[in-house]
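Just below is one structure, and these are the notes that go with it.
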Amino acid sequence: MTSPKRTWTFSSMRSKTGPSLDEGENYFRRRLFSSFRSDRREQRSQGQEDDIDKRRAFSDGEIETNKGVFLPGEDQPDMGAMKRFSTLFSSFRGKISKDRTGNEPDVPASTELSPVEEKAKEQRYTSGQFFFEYLVVVRPKKTKDGIYEPQIIYQFPKKDGMVRFQKEEEEKTLKALTLFCFPEGVNWAPLTEYPSETFSFVLTDVDGTRKNGYCRRLLPDGKGARLPEAYCIISNLACFGLFSQIFDEVEQRRKFSMAMIYPFMQSLRESAFPAPGHTVNIKSFIPERGTEIISLTRPTDSWLEHVDFRTLFKCLSDEEVLQVFAATVLERRIIFIADELGTLSQVIHAVAVLLYPFIWQHTLISIVPEILIDVVMAPTPYLLGVQKSLADQATDQTELLVVDLSEGRKETFIKCMGDEDTILPHKLKDEIKQALSAKNEKSSLEELNRVVPEAFLPFFIKTVGHFAKYIVRKGKDQRGEFQRTNFCKAIESKSTRRFVKTFVQTQMFDLFIQEMEQRPASQDGTGLFDKKITEYQKRMREKAKKN
């Protein structure tokens, strides 16, 4: 359903002088700002019936769809009503599809498959079973104008037999990836030292189709000054830790030759993606080491497998994390500043997961390419990661929280609304801080994955965990109706009630309740959040009996 056209007025547009824009740039910016012109609430109310089949159902902490399992905090591929900017994918594809100076290097082709084999593999991939769709290697290359432009120098697999429009779409997609592998733009030169880093991003097209990008940037082996390379894997699957292990293997093979990467990725791509807690074994050969079995294990807690809380709590104190959490819960505009791409992506994904069982419904761009920096002017809520070199262009807006994550910073909150430390009910905030005290600077990832959810999930249990009592159904198979007024009145604590009255107006709560209203009565009480609520209520009853 097409949402009604609306017009936004920007009250704080920058007036910095810049080079004149050609038609491609103007097209890009028109597409960029047209993305702002939508009203999510009107869209959901008008297209509610059409979206029923597209809603997510919670099951043991995962979100299951007909296209696989997705992390809370990320979009489903087919959820038109829930699409975010993520990378404003379609906004810049028109720009980058223009003819560029210089020729693209030839790309190695993969082994051709029969039509039957290719169809079977496509069906397997779209069902969410393939590890990845593409591996590309991106490197800055000097153009005739004397600037360095990131270009793809290697792609696996190379799909053959596509019709013209499919090939054009693929080329636009692959070229778009270069902006996220090197978001700094054209400011590159040969280097003698460069620390490798791993980061992730999300590509979301206008139809809601979603892909995860995992990237490792490093300086290839050699002597003298040389340019860095970025290895980028595109997948429907959200599992940062697992793909980091894959990059370790890719990096080892690259030391010998690019050709060594191909057989490993071929075996990996054809392997079934393991279920939570399970392992997949890949047979691979490396000179000097011979043939070996590489074991890749997927974490048991699948809803936490895309995050690493260590970076978040390394960059921010517990009190600072709580202030960021409070601003996120109220769906405000938040910008994170850092030098390292890995820091930005890991912190933003960790902050989004703190909202579980709720899901961030707005713009989420873990790394904003320089070409998309104007997204900071969007009037709608967002979570953005901006490199420090672009900070001056991103922090001249009003009514937002700007969080500096960089080492040696003078202050953490460059800009704030001023009420971040008073949003959460005081008692519940202290309980979160007390629970977080169970961790320390040496806590492992596994320990943090236990401590952090146990600290934040009870907050939502105690504030809105009674929601099921206020979803009234006229019949067993009938759609439920949420009694919002009675739900708020049932909260005894005045400070908690005041917070909840604000929280229920957010889109994340609105969509959560709509999903619960649509959920079959037979599934009530079966999700992870439901089970945690039941456990908490049981403890409270036992405590009351003792008293």
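The values are calculated or read from the model by the stated rules, or taken from the named source; none is laboratory data. None of the values given here were measured: they were computed from a predicted structure. Cβ coordinates were reconstructed from backbone atoms using ideal geometry, including for glycine residues, and neighbour counts include every protein chain displayed. For accessibility, only protein heavy atoms count, side chains too; no ligands or nucleic acids. Shrake-Rupley method; radii C 1.70, N 1.55, O 1.52, S 1.80 Å.
Some observations on this one:
Okay, residues lined up against (1) without any contact (Cβ under 8 Å) to a residue 24 or more places away in the chain; (2) on the phi < 0 side of the Ramachandran plot; (3) not hydroxyl-bearing (Ser, Thr, Tyr):
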site	(1), (2), (3)
408	yes, no, yes
411	yes, yes, yes
425	no, yes, yes
435	yes, yes, yes
440	yes, yes, yes
444	yes, yes, no
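- Which listed residue is out of contact with any Asp or Glu (no Cβ under 7 Å at 6 or more places or on another chain), surrounded by 23 or more Cβ atoms within 10 Å (Cβ to Cβ), of a type outside the set (Gly, Ala, Ser) and over 17 Å from residue 343 (Cβ atoms), from 203, 227, 237: 237
- Entry remark, region 408-438: residues being in a loop (DSSP other than H, G, I, E, B), closer than 13 Å to residue 317 by Cα and open to solvent by 40 Å² or more (accessible area, probe 1.4 Å) number 2 in total.
Table: residues versus (1) surrounded by fewer than 16 Cβ atoms within 10 Å (Cβ to Cβ); (2) at pLDDT below 85; (3) part of a loop (DSSP other than H, G, I, E, B).
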{"residue": "149", "(1), (2), (3)": "no, no, no"}
{"residue": "153", "(1), (2), (3)": "no, no, no"}
{"residue": "162", "(1), (2), (3)": "yes, yes, yes"}
{"residue": "167", "(1), (2), (3)": "yes, yes, no"}
{"residue": "173", "(1), (2), (3)": "no, yes, no"}
{"residue": "180", "(1), (2), (3)": "no, no, no"}
{"residue": "188", "(1), (2), (3)": "no, yes, yes"}
{"residue": "194", "(1), (2), (3)": "yes, yes, yes"}
{"residue": "199", "(1), (2), (3)": "no, no, no"}
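- Of all residues in region 516-535, those being part of a helix (DSSP H, G or I) and surrounded by 15 or more Cβ atoms within 10 Å (Cβ to Cβ) number 8.
- So residue 337, is it in a strand (DSSP E or B), of a type in the set (A, V, I, L, M, F, W, C) and either modelled with pLDDT of 90 or more or out of contact with any Leu (no Cβ under 7 Å at 6 or more places or on another chain) (or both): yes
- Whenever a residue of region 309-332 is over 23 Å from residue 199 (Cα atoms), its partners that are among the acidic types (Asp, Glu) and assigned to a helix (DSSP H, G or I), lying with C-beta atoms within less than 8 angstrom and at least six residues away or across chains, give the pairs 319/421; 322/421; 323/420; 323/421; 326/420; 326/421; 327/420.
- Given (1) free of Cβ contacts under 8 Å to residues at least 24 places away in the same chain; (2) in the same structural domain as residue 404 (by the TED database); (3) among the polar types (S, T, N, Q), number of the condition residue 291 does not satisfy: (2)
- Residue count, region 224-246 (criterion: assigned to a helix (DSSP H, G or I) and either among the acidic types (Asp, Glu) or touching a Leu at 6+ places or on another chain (Cβ under 9 Å) (or both)): 5
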